[in-house]
1. Consider only pairs whose beta carbons are under 9 Å apart and that are at least six residues apart or on different chains; among these, list those whose first residue lies in segment 84-103 and is in contact (Cβ under 8 Å) with a residue 12 or more places away in the chain and whose second residue is open to solvent by less than 30 Å² (accessible area, probe 1.4 Å) and among the charged types (D, E, K, R).
2. Within segment 137-152, can you find the residues that are open to solvent by 100 Å² or more (accessible area, probe 1.4 Å) and either modelled with pLDDT under 95 or within 12 Å of Ile114 (Cα to Cα) (or both)?
3. How many residues does segment 48-79 hold that are in contact with a helix residue (DSSP H, G or I) (Cβ under 7 Å, 6 or more places away or on another chain) and either among the acidic types (Asp, Glu) or open to solvent by 70 Å² or more (accessible area, probe 1.4 Å) (or both)?
4. Exactly one of (1) modelled with pLDDT of 95 or more; (2) open to solvent by 20 Å² or more (accessible area, probe 1.4 Å) is unmet by Cys123. Its number?
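The values are calculated or read from the model by the stated rules, or taken from the named source; none is laboratory data. In this text, all values refer to a predicted model and were calculated from it rather than measured experimentally. Here Cβ is always computed from backbone atoms with ideal geometry, including for glycine, and neighbour counts include all displayed protein chains. Accessible surface areas use protein heavy atoms only, side chains included; no ligands, DNA or RNA. Shrake-Rupley method; radii C 1.70, N 1.55, O 1.52, S 1.80 Å.
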Amino acid sequence: MPKKKSAHKIHRVDWDEYFMNIARVASSRSTCDRKFVGAVIVRDKTILSTGYNGSIRKIPHCIDVGHMMENGHCVATIHAEANAIIQAAKNGVCIDGATIYTTASPCWVCFKLIANSGIRRICYGEFYRDKRIFDFAKKLDIELVALDHFKK
């Protein structure tokens, strides 16, 4: 027998919103309370790696011991995008040609890591500080997509 169709239309989020929602969940693991950021690396609608901002493994977290501040930045923290790239490398996962979803646009250092890792698309939530990424993304043919309208 054919399945009966429901009278109610089910709302399914699109793929960008789906993966941005997962990046937001990853950000809930952040251990630097100056900014909670999460990242998810995806290719072919499959999650390859995740990351959030926090301290070096086996080093006390900012939320426990305070921040290591230099020039207004916490330098103890490894950013979510870097951690997602590191996690992929550690596990032997190729991220060439992938998309990264991050709850905040990448800083200049993370943008350079993303570009050299072969990621071709960056979807970000809120804008975070560094406007250089726009010019360089264009030069490098990396797509930048603002998804701040998915903020909850």
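1. So the pair list comes out as Ile100/Glu81; Thr102/Glu81.
2. Those that are open to solvent by 100 Å² or more (accessible area, probe 1.4 Å) and either modelled with pLDDT under 95 or within 12 Å of Ile114 (Cα to Cα) (or both): His149, Lys151, Lys152.
3. 1
4. So Cys123 meets the others, but not (2).
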